[in-house]
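I have placed the structure first, in the form of structure tokens, so that the comments after it can refer back to it.
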Amino acid sequence: MVENSNSEQISVAEFISVIVYLAEKSGNIIREVYRSKDIGQEEKDFGQGPVTIADLRVQRNIEYNLKQLYPTLNVQGEEDPATYAHFPPTIAPADITKTLISQDFLNSFHAKRAPYLDQLRKVYSESSPDATVFDKFDVKDAVVWIDPLDGTSDFVKGNLPAVTVLIGLSIKGHSRIGVVHNPFGDEDQSKGRTLFGTIEHGLFRIEYDEEVKDREAYLSREIKYIEPFNFTDSPPEDHSFTVAASLSHFSAQMKSIIESIHPVSIKRIGGAGNKCANVALGVVDTYMHPTAGLKYWDLCASEILIKAMGGYTTNVFEERLTYPADGDRQLQGLIIARNPQYHGMIVRRLAPLMQGIRAFFR
């Protein structure tokens, strides 16, 4: 992948508004495909799992619209362009709402979080939250990572609440802006949920109802700020971790690794993005993926939600995650926890197995 040499400033508030809109309208496409009963399921090469018409149509729409709005922006997605180029875009750039989020709104939360951000800077040294206003970014430093339908295995099985649309932005190799949209609610499949955030401004939640067509109603939805975790909270030595584990890839080896940090309570949850969202919302303490398989587009959007809440994310080598434009797109495993102290305890409990886990990536 060639590094972008173009220079152009993009508004953070506008960009968040755009990718929230694209994620939510992509959710409509996913619902449409599912209801058609013809999802076009095929298996990718080399055992990479299933792909459907929904995956391809969503990536086509997100990529097309971002390139129309920001022609020099580097946009990368999970699916091969040759597999979706024949799908016509059904989301029009002219229809995209760029004003859902205002910069004044974001700035007010940046100011509110100032003491909290001072704490975060002691840990997030390599991608420190901006002390001043984070109101724009330069495309030459940025890459958009798209997972058009995270949780495809769950989608084809009908486990719809596990499905997410992931749109993340990395700047100089670090996750900075993310949107995670769940098109399907647990109780009502016509109602979804959107989470978006940055370290500077925090994590926000918006409810989505596909029946709301009116532009003013769309713009007037409540945007709920989620209070971050206690960054200095330390779990007791006998703490029982609630761990998010896969629905589709839960092997005996994975179960054994998770149970090695006992006492534990395992919560089976589909989709990498959905598991990360459950950490960010405090439903579980941690999500571990001590094997290969995760890629940049699985985590760029999701990780920023964790960071916005004061959570801590590393690979199995205890290195912070990075998303270089010229990287191989492979993550070396994953350990996410609700704060650095929780993360540290998990690593200590994993210590007897860590050499073997790391050897898998050598």
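Since every read-out is calculated from the coordinates, none of them should be taken as a lab result. From a predicted model like this one, the values you see are computed outputs, not experimental measurements. Ideal geometry is used to build each Cβ from the backbone, glycine not excepted, and the neighbour counts take in all protein chains shown.
Tell me, what is the Rg over Rh of segment 127-279, with Rh the Kirkwood radius over Cα pairs?
1.00
Would you grab the residues whose amide H sits under 5 Å from the one on Val284? Only those 5+ places off in sequence or on another chain, please, with H modelled 1.01 Å from N.
Sorted by chain and number, the residues that satisfy this are Val279.
Students often forget the sequence filter, so: which lysines lie under 17 Å Cα-Cα from Lys255 once same-chain residues fewer than 8 apart are removed?
Once the sequence-local lysines are set aside, what remains near Lys255 is Lys267, Lys275.
Mind telling me which of Gly197, Gly77, Gly178 comes out most flexible in a GNM of the chain, alpha-carbon contacts under 10 Å?
In the Gaussian network model the winner is Gly77.
Gap in Å between the Cα centre of segment 202-272 and the Cα centre of segment 8-33?
21
Rounded to two decimals, what is Rg over Rh for segment 221-362 when you use alpha-carbon atoms and the Kirkwood radius?
Across segment 221-362, the Cα-based Rg/Rh ratio is 0.95.
Using the 10 angstrom Cβ neighbour count as an exposure proxy, how do Asp141, Asp298 rank, fewest first?
By the 10 Å Cβ count, ascending, the order reads Asp141, Asp298.
Excluding residues fewer than 8 places away in the same chain, name every one of the aspartates and glutamates whose C-alpha is closer than 17 Å to that of Lys224.
Glu24, Asp104, Glu200, Glu207, Asp209
Return Met345, Met288 ranked ascending by Cβ neighbour count within 10 Å, so the fewest neighbours appear first.
Exposure proxy ranking, most exposed first: Met345, Met288.
Considering the Cα positions of segment 29-149, please state its Rg to one decimal place and its Dmax as a whole number of Å.
18.9, 51
Please report, in Å, the Rg and the Dmax of the chain, where both are computed over Cα atoms only.
Taking only Cα atoms of the chain, I get Rg and Dmax of 19.3, 57 Å.
Read phi for every residue in segment 328-339 and hand back ³J(HN,Hα) as whole Hz from Karplus 6.51 cos²θ - 1.76 cosθ + 1.60, θ = phi - 60°, with x for Gly and Pro.
8, 6, 9, 9, 8, x, 7, 9, 10, 9, 6, 6
Mind counting lysine pairs for me in segment 126-213? Cα separation below 26 Å, and the two need to be 8 or more apart along the chain or on different chains.
Details: Lys136/Lys172; Lys140/Lys172; Lys157/Lys191; Lys191/Lys213.
Count of close lysine pairs: 4.
Among Glu32, Glu303, Glu200, whose mean-square fluctuation peaks in a Gaussian network model of the chain (Cα, cutoff 10 Å)?
Result: Glu32 has the largest fluctuation of those listed.
Given a 10 angstrom Cα cut-off, can you work out which residue in Ser246, Ser175, Ser190 is the most mobile in a GNM of the chain?
Comparing Ser246, Ser175, Ser190 in a Gaussian network model of the chain, the most mobile one is Ser190.
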